[in-house]
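Undergrad: Can you read through this structure? Questions will come right after.
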Amino acid sequence: MSLVLDLAAQDLLFREARTANAFTGEPVTDDQVRAIYDLVKYGPTSMNQSPLRITLVRSPEARERLVGHMAEGNRPKTATAPLVAILSADNEFHEELPHLFPHFPQAKDAFFAERPVREGSAALNAALQAAYFIIGVRAAGLAAGPMTGFDSEGVRKEFLDGDHTPLMVVNIGRPGPDAWFPRGPRLEFEQVVTTV
């Protein structure tokens with residue numbers, strides 16, 4: 001075996017983990033979400049940037065507003081998931097760099113003074129953090145249903161502000177009956193990896 005992580009953990013995080021499309025009614029607690037975040041915050045990013053922002057949609061009124069911005073096929077599962085999170089990129093993440101990257105506090109102004117540069121870096125690094133978040137949901141024994149099928153500008157106006165770019169909406173909970181679509185194929189090692 002070439003991996004240190006035991007087979008059960010590999011299966012939990014990757015092989016057996018799936019994108020859930022249906023959930024039970026069992027709630028997802030704030031303590032569970034905090035434990036997930038407290039684990040995944042250690043995932044690497046460029047210059048220790050932490051642009052990911054998580055908006056938990058808990059109230060019925062907020063859920064109804066969000067469902068209205070989802071693509072038609074995503075509405076039923078978003079309406080019924082125990083918890084829904086909007087993951088976004090904070091384009092003003094650089095304000096935290098003096099604290100997060102203390103050995104070069106000037107990085108804030110040296111690299112990220114211009115908004116377009118910040119937006120590109122925020123999108124990349126928040127996407128990395130979003131992937132870690134999904135793995136963290138799985139590590140908590142829950143299933144995640146990440147979706148990009150929604151009205152991004154509508155979600156931004158309804159739940160965020162001009163400094164935040166929505167990346168995805170993630171349904172979270174215990175998988176319900178018929179939660180899975182058939183697993184899609186994956187590319188093989190030889191199709192992806194080259195050596196130079």
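Undergrad: For segment 165-196, how many residues meet the condition of being of a type outside the set (A, V, I, L, M), part of a loop (DSSP other than H, G, I, E, B) and surrounded by 10 or more Cβ atoms within 10 Å (Cβ to Cβ)?
TA: Initially, segment 165-196 is screened for residues of a type outside the set (A, V, I, L, M), giving 165-166, 171, 173-178, 180-186, 188-191, 194-195.
Cutting the leftovers down to part of a loop (DSSP other than H, G, I, E, B) gives us 174, 176-178, 180-186, 188, 194-195.
Then keep just the ones that are surrounded by 10 or more Cβ atoms within 10 Å (Cβ to Cβ); that gives 174, 176, 180-181, 183.
Count: 5.
Undergrad: Run residue 37 past the list (1) under 17 Å from residue 168 (Cβ atoms); (2) among the hydroxyl-bearing types (Ser, Thr, Tyr); (3) open to solvent by less than 70 Å² (accessible area, probe 1.4 Å) and report the number of the one that doesn't hold.
TA: Evaluating residue 37 over (1) under 17 Å from residue 168 (Cβ atoms); (2) among the hydroxyl-bearing types (Ser, Thr, Tyr); (3) open to solvent by less than 70 Å² (accessible area, probe 1.4 Å) leaves (3) as the failure.
Undergrad: Just one of 78, 55 is among the β-branched types (Val, Ile, Thr), buried (at least 21 other Cβ atoms within 10 Å of the Cβ) and in contact (Cβ under 8 Å) with a residue 60 or more places away in the chain; which is it? Even if it seems obvious, please write down each step before you answer.
TA: On the way: 55 fails: buried (at least 21 other Cβ atoms within 10 Å of the Cβ).
Matching residue, one of 78, 55: 78.
Undergrad: Related question: Take segment 168-196 and flag every residue that is of a type in the set (Gly, Ala, Ser) and more than 10 Å from residue 20 (Cβ to Cβ).
TA: Residues of segment 168-196 of a type in the set (Gly, Ala, Ser): 173, 176, 179, 184.
Scanning segment 168-196 gives a single hit, 184.
Undergrad: Suppose we keep only residues that are open to solvent by 10 Å² or more (accessible area, probe 1.4 Å) and under 18 Å from the mean Cα position of the chain (by Cα) within segment 81-94. Which one would you say is nearest to residue 173 (Cα to Cα)?
TA: Among them, the one singled out is 82.
Undergrad: Run down 40, 28 and say which single residue is of a type in the set (A, V, I, L, M, F, W, C) and more than 30 Å from residue 115 (Cα to Cα). Walk me through how you get there before you give the answer.
TA: Working: 40 fails: more than 30 Å from residue 115 (Cα to Cα).
28 is the lone residue from the list that is of a type in the set (A, V, I, L, M, F, W, C) and more than 30 Å from residue 115 (Cα to Cα).
Undergrad: Let me confirm something: among 34, 63, which residue is under 19 Å from the mean Cα position of the chain (by Cα), closer than 18 Å to residue 145 by Cβ, modelled with pLDDT of 95 or more and assigned to a helix (DSSP H, G or I)?
TA: Details: 34 fails: closer than 18 Å to residue 145 by Cβ.
Answer to the selection: 63.
Undergrad: Somewhere in segment 100-121, is a residue within 16 Å of residue 42 (Cα to Cα) and either in contact with a Lys or Arg (Cβ under 9 Å, 6 or more places away or on another chain) or in a helix (DSSP H, G or I) (or both)?
TA: Checking segment 100-121: at least one residue is within 16 Å of residue 42 (Cα to Cα) and either in contact with a Lys or Arg (Cβ under 9 Å, 6 or more places away or on another chain) or in a helix (DSSP H, G or I) (or both).
Undergrad: Would you tally the residues in segment 66-75 being crowded, with 21+ Cβ neighbours inside 10 Å, among the hydrophobic types (A, V, I, L, M, F, W, C) and not in a helix (DSSP H, G or I)?
TA: 1
Undergrad: Follow-up question, since we're still on this one. Within segment 6-13, identify whether any single residue is open to solvent by 30 Å² or more (accessible area, probe 1.4 Å), in a loop (DSSP other than H, G, I, E, B) and either β-branched (Val, Ile, Thr) or touching an Asp or Glu at 6+ places or on another chain (Cβ under 7 Å) (or both), and answer yes or no. Steps first, answer last, please.
TA: Quick first cut of segment 6-13, residues open to solvent by 30 Å² or more (accessible area, probe 1.4 Å) only: 6-8, 11-12.
Add one more test, that the residue is in a loop (DSSP other than H, G, I, E, B), and what stays is 6.
Within this subset, residues satisfying the condition of being either β-branched (Val, Ile, Thr) or touching an Asp or Glu at 6+ places or on another chain (Cβ under 7 Å) (or both) are none.
No: segment 6-13 contains no residue that is open to solvent by 30 Å² or more (accessible area, probe 1.4 Å), in a loop (DSSP other than H, G, I, E, B) and either β-branched (Val, Ile, Thr) or touching an Asp or Glu at 6+ places or on another chain (Cβ under 7 Å) (or both).
Undergrad: Residues 88, 50: which one is assigned to a loop (DSSP other than H, G, I, E, B) and in contact with a helix residue (DSSP H, G or I) (Cβ under 9 Å, 6 or more places away or on another chain)? I'd like the intermediate steps shown before the answer.
TA: Details: 88 fails: assigned to a loop (DSSP other than H, G, I, E, B).
Result of the check over 88, 50: 50.
Undergrad: Looking for whichever is within 22 Å of residue 66 (Cβ to Cβ), of a type outside the set (S, T, N, Q) and assigned to a strand (DSSP E or B) here; the options are 145, 136, 162, 154. Which one fits?
TA: Numbers: 136 fails: assigned to a strand (DSSP E or B); 162 fails: assigned to a strand (DSSP E or B); 154 fails: assigned to a strand (DSSP E or B).
Every option except 145 fails the conditions.
Undergrad: Please go through segment 14-31 and pick out each residue that is surrounded by fewer than 16 Cβ atoms within 10 Å (Cβ to Cβ) and either hydrophobic (A, V, I, L, M, F, W, C) or part of a strand (DSSP E or B) (or both).
TA: 14
Undergrad: Can you pull out the residues in segment 95-148 that are open to solvent by 40 Å² or more (accessible area, probe 1.4 Å) and of a type in the set (Ser, Thr, Tyr)?
TA: Within segment 95-148, 132, 148 qualify.
The values are calculated or read from the model by the stated rules, or taken from the named source; none is laboratory data. Just so it is clear, the structure is predicted and the values come from calculations on it, not from any experiment. Every residue, glycine as well, gets a Cβ built from its backbone with ideal geometry; the counts of neighbours run over all protein chains shown. All accessible areas refer to the heavy atoms of the entire protein, side chains included, with ligands and DNA or RNA removed. Shrake-Rupley method; radii C 1.70, N 1.55, O 1.52, S 1.80 Å.
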